[in-house]
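Down below is the structure, laid out as structure tokens.
The values are calculated or read from the model by the stated rules, or taken from the named source; none is laboratory data. Source: prediction; values computed, not measured. Because the Cβ atoms are built from the backbone with ideal geometry, glycine has one as well, and the counts that use them run over all protein chains shown.
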Amino acid sequence: MRRIKAVVYGVGAMNSIATRMMIEKGVDIVGALARSPDKVGKDLGDVAGLGYQTGVIVEDDPDRVLSTREADIAVIAVASYMSDMYEHLRRCAEHGVNAVTISEEALYPWNRRRCRRPSSTSWRAGTASRSRAPAIRTPTG
């Protein structure tokens, strides 16, 4: 069976734990993203406190990382609210990368607020530009 390739999208406390768990379960970490200048340019193992280097350098350009690493998933831990997550999720969808997030509102966002509707039909369900792109479901209205 082919191993899952993942991008760690946000290298804070929660994704540091997720990074350790993914590596332990055999996931190949192919990229890491952060905004903090203190983290960018450093090895993911050092930033996540793994105690060893992974060979994955933390970067700050999501479009470049998502378009060049052929990742299956991006594990996103950067915000709590869907309004803040929209651009990160859109970016993953546009690059054909499935998104997994710990964002609290992602569990059931319609309970608190309406999600933004996609502005482009190029990444709506079933019409994404790449054949392996995930289906995006948003509320209508």
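Residue count for segment 1-12, restricted to those that are part of a loop (DSSP other than H, G, I, E, B) and over 20 Å from residue 84 (Cβ atoms): 4. For residue 66, the criteria (1) surrounded by fewer than 14 Cβ atoms within 10 Å (Cβ to Cβ); (2) within 14 Å of the chain's Cα centre (by Cα) hold in every case but one, which is (1). Scan segment 49-59 and give yes if some residue there is under 15 Å from the mean Cα position of the chain (by Cα) and at pLDDT 95 or above, otherwise no. Checking segment 49-59: at least one residue is under 15 Å from the mean Cα position of the chain (by Cα) and at pLDDT 95 or above. Would you tally the residues in segment 21-58 being within 19 Å of residue 72 (Cβ to Cβ) and surrounded by fewer than 17 Cβ atoms within 10 Å (Cβ to Cβ)? The number of residues fulfilling the criteria is 6. For segment 3-15, what are the residues that are surrounded by 18 or more Cβ atoms within 10 Å (Cβ to Cβ) and either hydroxyl-bearing (Ser, Thr, Tyr) or over 18 Å from residue 78 (Cβ atoms) (or both)? Correct list: 9 only.
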